[in-house]
Structure formats: structure tokens, C-alpha cells
Amino acid sequence: MRSYLYIISLFTAFSLSSCEDIIELDLVDAAPQVVIVADINDISLEHEISVFNSIPISQELGNSAVENASVSIVSLADNREYIFNYQGKGIYKNRGFHPEVGGKYALTVRIADKQFDAVSTMQPYVEIDSLNLKSKTIFDEDRIFVTFSFKDPANELNFYKYSLARNSQPLKFAAIYNDKFNDGRNIQHDITDADDDIVEGDDITIIRTSVDEQVYNYWADLRSLNPGSLAPANPRTNLSNGALGYFSVGAAKKYIIRNVAINRNSND
Amino acid sequence: MHRTKNFLITLLLLILIPVTLLAQQNYTISGYINDSKSGETLLNATVRILNSSLATSTNAYGFYSISVPKGTHVLRSQLVGYSAFEQTLTVDKNITYNITMSTASQQLEEVTISSLSKSKNVDNPQMGVVNLNVSEIRKLPVVFGEKDILKTIQLLPGVASGGEGSANFYVRGGSGDQNLILLDEAIVYNASHLFGFFSTFNSDAIKDVNLYKGGIPAQYGGRASSVLDIAMLDGNAKKYAVEGGIGLIASRIKFDGPIVKDRGSFMISGRRTYADMFLLASKDETVKSSKLYFYDLNIKANYKFDDRNKLFLSGYFGQDVLGYGDLFRFDWGNATGTLRWNHIFTNKLFSNTSLIFSDFNYHVGINNDNSDFDISSRIQNINLKQDFQYYPSNRSTLKFGVHALDQTIKPASIDATDTSAVNSILIQKRRGLDLAAYISHEWSATDRLKLIYGLRMTNFMMLGPGSYYDFDAAGNPVQATDYKKGEIVQNYFNLEPRFSANYILRDNKSLKLSYNRNIQNLHQLTNSTSSLPTDQFVLSSRTIKPQIADQVALGYYQNFNNDRYEFSVESYYKNLSNQIDFKNGADLQANELLDGELVFGDGRAYGLEFFLKKRAGKLTGWLSYTLSKSERKFEAINNGAWFNARQDKTHNLSVVAMYQLSKTWTAGATFVYSTGDAVTLPAGKYAVDNRTVYYYTERNGSRMPNYHRLDLSMTYEPVANKDKRYYSSWSFGLYNAYARKNAYLIDFRDSETNPNITETYKVALFSLVPSVTWNFKF
């Protein structure tokens, strides 16, 4: 019996840790596809649309700008056309386009003999009641969140998109929500940077946009991709003709929190 | 109703015609076969009349019936692991003769060859079936030292594993939801614990397992690809016994004994894991107070009123509990109950009546900041079965019966408090009634040619109340119709022909051919690689048509070296229609319009299976190799072109060996090798909002790395001391002995050194996992 006890103690010291390793896998490269990212909001009168090509998976991400596209947005209410001019690095710019809530806008991108279209409707901005910082403990780790509290308009579909920038870093997509489960309720959205934790002392910029359903679908599809998905697929897009990316015209507000400190509130 | 009536008349005719044709004058010997020590009924034991071709075997309740001419005969019965039983009987009338058989001595040495029953591999007209005896597999190495039926069947040809350590399995290219899993006839909706790492079947409580991969007999229906029929032990009818085991991850205990000696017995078997003990090591208070365990309980009792009437009551109850502090609670479990009455009308007519209940439910509770809500879902059925077995002559066995299955699904609904940040959502219940009737005739047409042919008729009705939608081609709802309670929303009538033929070429060689059509009216919507209890079940509806599988199989069987070796090669082709997948971005949660999120298509699977088994000697085990293909086709997916099913594994090899080292020690080893799963990997990439987004082209056009693994075990079973009631044994295991890091999943990320480069990484779940289990008995 004594020897058995010894064996038990030996085996209880077993390891059950999972591990990660970089591997080489033969990936099939796809020919470059046109990508259009047209995320327009009403924060400023200056707007950018990016037109570029996707990169085969085994190659390095780099300059793949499409330089000779003709890019324009037409307001379907009054048929006014806003031309976007090429600025370099695949970016097309317009100054003076002022989108209005409820307005329907059509994007047209022409590259050689190919045309890509999309339509987006500008949703009204859902105002927030308060903005707070909080720290939550998740699996032994303290993480800082920016909490947006607001009342969701009842009996209508609402979609919320958040982009976040830490300090001088560029804005990155942070979160996308719908109100399927909480239509008309007092809602709190806790926003953080999933890859790069917010720390005390940071300056945080968040753009909160009310988007339409198709833009929600694009981001929600991307967000739901995980290695446990049975079969990952490309996100649904409102762009025609097989273009990747999306076209969004949304009402947005920018929130800046300087010198993040827990238990202190600030607003823009 | 008109249809139902016609259907019953057709059935009656079908039953009566062969019976009148086959009725003959002969005497019948019939009875039960039991284990001499425990009184357990013995299934699949062969009974033959020496110096004749007359033979039969016991049914699922241990009953046999054999017709013989008047005279003196030697009756011989055999079963793996038991000493052969022989008795001379003088037959001048119908006689009831119950047989008890004793287990063969533990050492499977050369002398016990005489007790080795003749393998049914060659003789049995049934093909595509594997029978596993729990005692046969108890020395196999398994992960965490937990014997598991569902993991053992993955080592058989035609069965693919659902992933590392997973209890999920795929049969002959079929989907995970196409396996009918029965525990004492009750449908088990979710056969796994802890997200698939353990099956719900506690080996201590199991007597016998049959897996049908093809040529599925007519008495089974409801799933497209396979039937896994598991029978629980009845309990020791002679004396009280306690046995159990303590392992690293779980402990088990079983108590059984007679209710009234030789008349009735009971069995209670329980198991609980204690994985959450490891959580106590955490510094985090919330993690410490978290829960992660499962338990299950098998209960059975039977009582024999007389030689003709026997009553069985069996039940299963299992629950998984997972909780993160008070913030999150997730529990799920199955419950089944079966009440059976075996009645012997005459020596030739055996009847079983079953009333079965089965339930699977899950429950999620969230209590987080301002969100406070519960999600719950349930699927339930009540099943009434009347089955007959009629033995008109020694050349014929007729099986026929009627089944009624009433299933109700309560899809996940949300129940929130008024102050919660979420709304309550109630999704309508769905109810379906499956009526089935079947008849099957097993017939030895000549000494060389044996046939099983049969027909199953199923009438599925989706019943109200509720609102039901019709959808346009794009999946948008166009019209809702309200139905009253009990009103038929949709009716599907299907015929399922079943056919198997066996032609015995010469002694110990045979050729078999089979065809079966199977209909499936319950569908499980899975969109993750691991089996989640939250997978939504749906019934056939106005939009969802019954899944249909047609399978043809051809096989060659040979036994050699005195039945010590069993060899078979089977090839199959399976055609699947009305298969289900999802639209891109399908919303499957709490969605009243769920049917509109689905797409429908076809499937095909084909393969070649080799199986070589050594049944006796110091070294026993088997070698199994499958070469196969499984594909799907949906108009909306992959541009309408055929693509590999996720579980498509070109090569699948298993080697299982057990070696008797001494009277007390047995070594075991299993080696598995399989082609990696077919997966969809990115073919391109682009950056949006400063995040890398991947571009996908062909569905399941790439492969995970190939999978291989070696497991080892050692079992110490001391020679029993007859003076002592108490007995204990040990088993030691080494899972993944050469610590192969098999990819559980692969993912992509920006390289840390150069974010413009994509790197592929794999996550391996288990490295080498040692285990030890101590088993006791008294």
C-alpha cells in the first residue's frame, strides 16, 4: 500500500498545460482582390476612402494601393455628387461632404472597366448619458474599460460601432453591438483594446458611431471569426461585384479621455 | 388520418404474408441465457445444434428460440469470454430451456481456444456492425484513465474522431448529428460531458455495445448515418456486490445485487469528476469559487414475474456544472428513463413493450454588473415502442413493430428581470410526432445464402400550436400561418428499405452486400468544432426537409487459424440529401426565423475499410484502416462546388494491442494516425481600421497537420484469492506517449517581429498525460 501511495503522488504531479507553436503550413495564395474601405462620419467635413488590393496570404502586407480609381458618393435625396480625389497611398479624399441623418448615400468606385457600388443610410446618433472608467478583474487580470451608458431607442434596430486609439496610436476597431437582446433598455457598453491593455495615464480616443445593419453585419461577422469556427468565411459586405471591405455613412461622436485614472470621470 | 390508416393496413399485410408462407411444423427450444455468477442476461450468444446447420443467437434481452425436428440434439451455446455450454436434449414437444454460462478462466491462453465462440463475422448476414463487450476493452489505454466507449469506437474502421480527446465521432463520412445514440433504447441527445472530453457513458454500468455503420436493421430509425445501441447492465441477481475506482480525474462506484434472488436485481452506478479541485490552486478568489465538474448516475432494476414476463426499469441522469464565481453559471445534462416489459407469448413469439422518456436541457445564468438573466433550452421526448420477434422456423426470424416518438423542443429563451439590461425573449416551442412501423425478415434462403430484408415506414408530423413561417429563396420570411394545438403543420411520409445479403463462399469466407435508406427528422445545428451543449436542435419543418441517407456496401469476410483471426474489408457509398448548413453570418441564437438562416444541399461519402482482429492468445487486438472521402455541396457555399466535409479524413489507421505479460500484468498500446481535418484557411489578407482581415476562398480546401499518437497502458490484476471477498486492481496509462503536439486548432496572427507577415500557429491540447486508476471490488 505504501508503494501505491508513492505512485499516486508521483502521477498527480502531471501536467495538463496546452501549448502554442509556430508551424509551417502550405497555404494557397489567392489573387489580389479589390478592397474598399469607406467609413464616413459627421465628425468633420474631411473624409477618406481607401482603395487597395488584398495581398496573397504568404506575402508581406505593404503598399497595394489602387491609384487610378474614380471614387464618388452621391446623395440619393438630391443627387448631389461628391468626388473623392487621389491623395496617394490608396487614399481618396473629399472636403465639404456633409452627410445628414436619414440620408441615403451611394458609393461608386470605378477601376478600369470594373464598377463597385454600395448604399448606406445614415442612422441618427444615439446620445450617451454618461461615460465612466472602470477596472474589472477577468481571470486574475485587472483590465481597464471605458463604459458608455445610454438608453437604447425602443422598437427599432440600433447598431453601435466603437473604434479606439491609445495615446498617439492610430484608431482601431474596438467593438460592435446590436440591440437584439436589449432593445429599449438602459445599456452599458464596456470598451477596451483587446490586444493592447489600457493602463493608467493613457490618453484614450474613442469614436462611437451609430451604423446601419449592413455595416454591423460586416464587423459582427469579422468579430465572430475564431479558430473554433467550423468554417470561417468572408464577412458580409454591402459592396457589389466581389469587392472586400464596406461602405458606411454614420453619425458619430469622438470621446477623448486624458490621463486615464480609475474612479475619475471625464468627457469630451 | 387517412394516410395513417392506409399505412397500418399495408403494414399488416406485410407482416401476415411472410408469416403464413413460412409457418412450418417443428418443435421449438427457447429460453434465456444468463451468466452463472451474476445472472446477467447474455446478448449475442450463439446457440447451435451440433451436426446441423441450425443456429441462432440471443437477442437484446438474452432470449433465444430455435426450431428443431423431433429427436435428440446436442445444444451448444458460445460467447466470447465464456466457456462453451453443451447439453443433450430430447425434443418431442416445445421446450423452454434456460442456459447459464460461466466465464472462461482469466488467462486467454491456448487452452481456452475451445471456449472461443465461433466468430459471427462470416456467418452473420448483418454487415457494417461492430459489437463491443466492455470487458474486452477494459485494458485499453485511455486519456485520464477513464474508459470510454465513445473513444474506443473511434478506433474502429469507418469511425472518425471528433478531435483530440473528444467523445464525438463521425461514421462513414456522416455528420455528428447523424448518429442515433441509444442507452437502453432511450435517445441520448448529448452524449458528452465537459465539451466532449468525456462521454456520458460510464463503462461500469454498461453491458454491451453495438455500432451499426451500414445495413442498419429496420427496427432502428431516426438518424441518417449510424446507430450506437448501448445496453446497461441488469445488476447481479445472485449476490450483493460493490465495485468502484479512484482515478486522477474521476471516481466511480457501483452497487448491485438481487431484489429477490434469481428473480430480480438492481444496479446503481455513479461517477463524479473533480477537475475543479485544480481551481483551488488559483490565487483569484473568483476562480477559487468556480465550478467545473460533472456527475452521472445509472440506475436499473428488473424483476422476473415468471418465465414469460420480465419487467425492466432503467434510468440515466447526468449533469455538467460550470461556473465562474457568481457571475456565470452554465449547467447541462441528460435524463432518460426506460420501462420495458418482455413477454413471451409462445416459444416462437417474443414481445417487448417499452415506454421511454428522454430529456436534455441546458441553462445559463448571468449575473454581471447590470445584466441579470437566464437562458434555458430543452429537448424532450416520450417514446412508445412495441417490438415483436417471431421465429417461425429455424430458417426465419421476423422482427416487426410500431414506434411512436413525440418530441418537443423548447429553443433557447431568455428570462431577464425588469431591471436587467436585456429583454426577455420567448421562442416558441416546436413539437414533432414520428410514427413508424417496420418489418424485417432474416432468412437463411439456402445454407450458403442468408438475407435480411425489411422496410421501415415513417410518418413525421410537425404539430401546432404556433406561428410557422414560409421563406423566399433568399431566406426572408414571406408569410406566417398560425396553427392550433395538435394541428398538422407539415407531414413527411417516407419509406426506408433495408437489405442485407450474405453469401458464404466456403468455410470461413463470405461476401456480403447491403443497402439501407435512413430518414432523419431531428437536426442539430453545429457551428463550432467542439460539441457544445448549446447547439440548437430543430425538427423537420415546412422549410427543413427530412435528411435522407442511401447507402450501399459490399464486403468480404474471412476467419482463419481456427477463428483466432477475423478479417474483413468493406466498401461503401453513401448519398446524403437535404443536408443542412448555414448562410454566411447566420443568426442562430434566439431567432424565431431560424429556418431562414439555413441552406440545404447534398452530401456523398465513400470509402474502403480494412479490419484485422486477433481474438485469442497472449496478444490480442486489432488493426483498422480506412481510406475514405466525404463531401458536401450547397448552392450558396463554395460557388456551388463540392467541398470536403470537415471530418473528411483520407487515411485513418488504428492499431490496438493488448499483451498478457504474466498472470497478473497486461500491457496495452494503441496507435492512431489520421489525415488532418479539412479546414478553411485564409488565402489573402488586407488591413481595415488597422487590423489584419483575412480573405477566404475555397471551403475546407486546406488540411490541418496529420494527427498521430501512441498511448500505453499497464494493468495489474492479481489472481483472485478465493478466501477474500475483497479484490483490487490497478491500471496505469500514458496518453500521447511520445508527446506529439497534435494541433487542436490552428490560427493566424501578425508576426511580432514583422507585423506585415502572417504567421501560422497551432495550439496543442495535451502533451504526455500519465494516469493511474485504482479499482476495487467486494
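The values are calculated or read from the model by the stated rules, or taken from the named source; none is laboratory data. No experiment lies behind these values; they were computed from the predicted model shown. Reconstructed Cβ throughout: ideal geometry from the backbone, glycine too, with neighbour counts over all protein chains shown. Heads up: the accessible areas ignore ligands, DNA and RNA and are worked out on the full protein's heavy atoms, side chains in. Shrake-Rupley method; radii C 1.70, N 1.55, O 1.52, S 1.80 Å.
Given the residues B:T753, B:T760, which is the only one that is among the β-branched types (V, I, T) and open to solvent by 70 Å² or more (accessible area, probe 1.4 Å)?
Checking each option against the conditions leaves just B:T753.
From the list B:A657, B:A641, B:A636, B:A667, exactly one residue is farther than 30 Å from B:F732 by Cβ, touching a strand residue (DSSP E or B) at 6+ places or on another chain (Cβ under 6 Å) and among the aliphatic types (A, V, I, L, M). Which is it?
Result: B:A636 is the single residue among B:A657, B:A641, B:A636, B:A667 that is farther than 30 Å from B:F732 by Cβ, touching a strand residue (DSSP E or B) at 6+ places or on another chain (Cβ under 6 Å) and among the aliphatic types (A, V, I, L, M).
I need the full set of residues from segment B:435-451 which are hydrophobic (A, V, I, L, M, F, W, C) and not in a strand (DSSP E or B), in order please.
B:A445
Could you please find all residues in segment A:213-257 being more than 8 Å from chain B (Cβ to nearest Cβ) and in a helix (DSSP H, G or I)?
Hits for segment A:213-257 are A:E213, A:Q214, A:V215, A:Y216, A:Y218, A:W219, A:R223.
Could you tell me whether segment B:682-698 includes any residue that is within 18 Å of A:P232 (Cα to Cα), open to solvent by less than 40 Å² (accessible area, probe 1.4 Å), in a loop (DSSP other than H, G, I, E, B) and touching a residue at least 24 places away in the same chain (Cβ under 8 Å)?
No.
Considering each of B:W341, B:W332 in turn, give the residue that is assigned by TED's automatic domain parsing to the domain that holds B:S376 and open to solvent by 10 Å² or more (accessible area, probe 1.4 Å).
B:W341
Would segment B:607-619 turn up any residue that is over 27 Å from the mean Cα position of the chain (by Cα), open to solvent by 30 Å² or more (accessible area, probe 1.4 Å) and within 30 Å of B:N124 (Cβ to Cβ)?
At the first step, the residues of segment B:607-619 found to be over 27 Å from the mean Cα position of the chain (by Cα) are B:617-619.
Those left that are additionally open to solvent by 30 Å² or more (accessible area, probe 1.4 Å): B:618-619.
With within 30 Å of B:N124 (Cβ to Cβ) added as a condition, the list becomes B:618-619.
Yes - at least one qualifying residue is present in segment B:607-619.
Does segment B:708-718 contain any residue that is closer than 26 Å to B:A657 by Cα and at the interface with another protein chain (Cβ under 9 Å from one of its Cβ atoms)?
no
Hey, could you check segment B:476-501 for residues that are touching a Leu at 6+ places or on another chain (Cβ under 8 Å) and under 20 Å from B:Y453 (Cα atoms) and say which is surrounded by the most Cβ atoms within 10 Å (Cβ to Cβ)?
B:S500
So which of B:Q520, B:Q524, B:Q551 is touching a Gly at 6+ places or on another chain (Cβ under 8 Å), within 14 Å of another protein chain (Cβ to nearest Cβ) and not hydroxyl-bearing (S, T, Y)? Reasoning before the result, please.
Numbers: B:Q520 fails: within 14 Å of another protein chain (Cβ to nearest Cβ); B:Q551 fails: within 14 Å of another protein chain (Cβ to nearest Cβ).
None of the other options fit; the residue is B:Q524.
Just wondering, is there one or more residues in segment B:274-284 that are within 20 Å of the chain's Cα centre (by Cα) and either farther than 29 Å from B:Q524 by Cα or open to solvent by 10 Å² or more (accessible area, probe 1.4 Å) (or both)?
No, there is no match, as no residue in segment B:274-284 is within 20 Å of the chain's Cα centre (by Cα) and either farther than 29 Å from B:Q524 by Cα or open to solvent by 10 Å² or more (accessible area, probe 1.4 Å) (or both).
Which of the residues spanning segment B:28-41 are within 26 Å of the chain's Cα centre (by Cα) and either of a type in the set (K, R) or under 21 Å from B:S67 (Cβ atoms) (or both)?
Matches in segment B:28-41: B:Y32, B:I33.
Mind listing whichever residues of segment A:123-140 are in a strand (DSSP E or B) and without any contact (Cβ under 8 Å) to a residue 24 or more places away in the chain?
To start, the set of residues in segment A:123-140 that are in a strand (DSSP E or B) comprises A:130-138.
Across segment A:123-140, the qualifying residues are A:T137, A:I138.
Given A:N53, A:N85, A:N94, A:N41, which one is buried (at least 20 other Cβ atoms within 10 Å of the Cβ) and in contact with a strand residue (DSSP E or B) (Cβ under 7 Å, 6 or more places away or on another chain)?
Answer to the selection: A:N41.
For A:N186, indicate whether it is within 21 Å of A:Q123 (Cα to Cα), at the interface with chain B (Cβ under 7 Å from one of its Cβ atoms) and either touching a strand residue (DSSP E or B) at 6+ places or on another chain (Cβ under 6 Å) or open to solvent by 40 Å² or more (accessible area, probe 1.4 Å) (or both).
The answer is yes for A:N186.
Of everything in segment B:630-665, what is β-branched (V, I, T), crowded, with 18+ Cβ neighbours inside 10 Å and over 28 Å from the mean Cα position of the chain (by Cα)? Give them in sequence order.
Within segment B:630-665, just B:I637 meets the criteria.
Given the conditions (1) at the interface with chain B (Cβ under 9 Å from one of its Cβ atoms); (2) assigned to a loop (DSSP other than H, G, I, E, B); (3) at pLDDT 90 or above, and given that A:F181 satisfies all but one, which numbered condition is not satisfied?
(3)
Go over the candidates B:R48, B:R3 one by one and state the one that is among the charged types (D, E, K, R), modelled with pLDDT of 55 or more and assigned to a helix (DSSP H, G or I).
Result: B:R3 is the single residue among B:R48, B:R3 that is among the charged types (D, E, K, R), modelled with pLDDT of 55 or more and assigned to a helix (DSSP H, G or I).
Could you list, in sequence order, the residues of segment B:375-432 that are charged (D, E, K, R), outside any strand (DSSP E or B) and surrounded by 21 or more Cβ atoms within 10 Å (Cβ to Cβ)?
none
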